[in-house]
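Some notes on the structure that comes next.
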Amino acid sequence: MSVAANSNKKILIADDDASIRLVLSQAFTRLGYQVRATGNATTMLKWVSDGEGDLVITDVMMPDENVFDVLPRIRKERPKLPVIVMSAQNTLLTAVNAAEVGAFDYVSKPFDLDDMTAVARRALARPADAEASRAQARAVRDERLPLIGRSGPMQDVYRTIARLVGADLTVLILGESGTGKELVARALHDMGRRKDGKFVVINLAAVPRERVETELFGRDDGDHGKLIEADGGTLFLDEIGDMPLDAQTRLLRVIDGSETTISPRTGRRPNIRIIAATNRDLRALIQQGLFREDLFFRLNVAPLRLPPLRDRAEDIPDLARSFLLRANREGLPSKTIDSGALDRLKAHAWPGNVRELENLVRRICALYGEDLITARIIELELADQQSPLKSQEGPVTLSGLVERYLSAHFAEYPEGLPPVGLYDRILEEVERPLIQLIMAATRGNQVRAAEILGLNRNTLRKKIQDLGVEMSRGRK
């Protein structure tokens, strides 16, 4: 749409931050739109009541009212007026609440100006009657949020979930192991139409292949399977890529309706929503003849891809603190974590994703007596996860272990600078165990120990005295 064509459209902007009002006003004015901006919800609501505006862009937390309380009034008065909600409280609950009260879309702060203008264009270009088919009001249970993170990739996930909870579509969740695929499936169930039904899980990678059909479809003697158990609710097929071909064929018949009964005893056909998940490339499995292409298209109605933790490292501090609180609620000691430790966590690649991070936090809570988790503790734990014989980069070397230790040591101090005298302190920490071990190995024979070390005997004797090395005449 040209700048001239935009001139008959008016955008109402409401935000108590004057800088955001200015940026948005200038951006939309340059695009040719008429703009009115205010710092409170009352004025914005009056403009709407007076019939002004073709689009509203508003922050959630206004000085006089919460916009989630205002939006139902706007929808009642002008049901076809699109509203874009902005918020710095970038959680799943915010995105779902925005959809629940009928917002056209939700944009997280800080926002990208190009993204904001693109959303605005979509809102202004939509058919006038499309708003009636937007997300319906849904009751969100007052419980702990299943997903944590304010990063851009997680905002995309939240927006997708918010659009899917009101529908009964089949969803395919894609993502690496440990990214939280089951948590997303539970969120879709708990916030959706089937929340009063059962949420039934079957992990197809954990069930022996010969038992998959029995687990899903039951037995002829009337023992029902997971499909009947999930009747009225949601069936979550975890690791669908591991399903045997025979079971895939039968599942396809259930989905497309050609298998009319599931329970031989009752003749019942279950009414379920299917959510599937996998960490495998299903298209590659199709090429290998290991996955049915027609089943893939039946499952891939609404794909939802979860980002790996390495792509949303900015979420790690929130995740780590949440896991510390959860561990404490479950009886483990209460601990806090400092900025150096959080920086070290953010630098890790996390091949096991969020699950690996949670396991590490719980392990530290259980094994370490310190109340404060520092970078040194994180470094020790991450180093301990490496094979004692070989790391991903190759054999473990003394220099590599020393470097890892020193990196954690430096991270414990402001600006990464330890106190003066570092060289002598580090040499002492290396010398003492070295001499202790060589004296034990030689059963206290200083002549032999000095020869192996390449030191003068008198030099060795002085080091033994200065370092306080315990003498040993033999090993037990």
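The values are calculated or read from the model by the stated rules, or taken from the named source; none is laboratory data. Because the structure is a prediction, the values reported are computed rather than measured. All Cβ positions, glycine included, derive from the backbone under ideal geometry; neighbour counts span all protein chains shown.
Just a few scattered comments:
- Between Gly197, Gly232, Gly218, Gly257, the distinction of being in the same structural domain as Gln288 (by TED's automatic domain parsing) and touching a His at 6+ places or on another chain (Cβ under 7 Å) belongs to Gly218 only.
- Taking residues in segment 329-341 that are among the polar types (S, T, N, Q), and partners anywhere that are at pLDDT 85 or above, the pairs with Cβ atoms closer than 6 Å and at least 6 places apart or on different chains are Thr336/Leu372.
- Taken over segment 77-95, the criterion of being over 30 Å from Glu314 (Cα atoms), in a loop (DSSP other than H, G, I, E, B) and not hydrophobic (A, V, I, L, M, F, W, C) is satisfied by Arg78, Pro79, Lys80, Pro82.
- Residue count for segment 28-76, restricted to those that are surrounded by 18 or more Cβ atoms within 10 Å (Cβ to Cβ) and assigned to a helix (DSSP H, G or I): 10
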